[in-house]
Amino acid sequence: MIKAMIILFLCLVSGTFFFLNYEKTSLNGRHCSGIMVLKAHVPKGSINYFAEVKMLFTSQNEGFYALSGTLTLDDKYYELRRNKYFTYSRIDNYGLYEMEITRETRSEEDTVPDDIAKMVFLPMGTTYMPSFRVLDDRALLISFLYSPFFVCTAD
C-alpha cells in the first residue's frame, strides 16, 4: 500500500512538472516579426520580393502571419498584402513543431497574380517543420531550414 502511494505521488508530481513546463513554453499570445527577402530565377523570369512578416499565435494550436511588401517579376511590380493561417503542434521536446497552412486571405491591395504566387509562396495544405527555441519566459526564436529567423515575444 505504501509503495502504491509513493508511486501515485511521484506520478502526480511528474505530471504537474510536465504540465507547468508545457504551459511555460506555450506559444499562445506570442507575436513575431521579421523581414523576408527572396531573389529567384524561374522560367517566367527573375523574381524579387521584400516583405515584412508579422506572426501571431492566437491559441494553443492556431495562428496566422501577415505578409506586406512588394514583388517584382522582371520589370512588373506587384503589391503583396495577404494573411496565411496555420495550425501547429509540438513534435518533440527539443523544440520541433509541425505547422500546416490552412487558409489564406488577400487584401484588395494585393496585386500578385495567382500563377506567380504559386511559384513563391507556400500553398494551402503545405506542412513544414520549424524549430522553436525558448530564450526566456518572454522570448522565442523561430528558425526554418532557410532564413528568416523570427524573434517572438509574449504579451
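Observations
- Ranked LEU141, LEU27, criterion: other C-beta atoms within 10 Å, fewest first: LEU141, LEU27
- FRET efficiency, 1/(1 + (r/R0)^6) with R0 30 Å, evaluated for VAL120 and ILE91 via beta carbons: 0.70
- Computed E for SER59/ARG138 - FRET, C-beta separation, R0 25 angstrom, nearest 0.05: 0.85
- Across the range 74-87, coupling constants 3J(HN,Hα) worked out from phi with the 6.51/-1.76/1.60 Karplus curve, θ = phi - 60°, read 6, 9, 9, 10, 10, 8, 10, 8, 8, 10, 10, 9, 9, 10 Hz, and Gly and Pro carry x.
- When the range 39-155 is described by a simple charge dipole with +1 on each Lys and Arg Cβ and -1 on each Asp and Glu Cβ, the residue from MET99, ALA66, ASN83 located farthest towards its positive end is MET99.
- The ranking of PHE132, PHE144 by Cβ neighbour count inside 10 Å, starting from the fewest, reads PHE144, PHE132.
- Label-point separation in nm, THR102 to TYR77, each point 7 Å along Cα→Cβ: 3.7 nm
Coordinate-derived values only; no laboratory data. Because the structure is predicted, anything quoted here is derived from the model rather than measured. Virtual Cβ from ideal backbone geometry, glycine too; neighbours counted across all protein chains shown.
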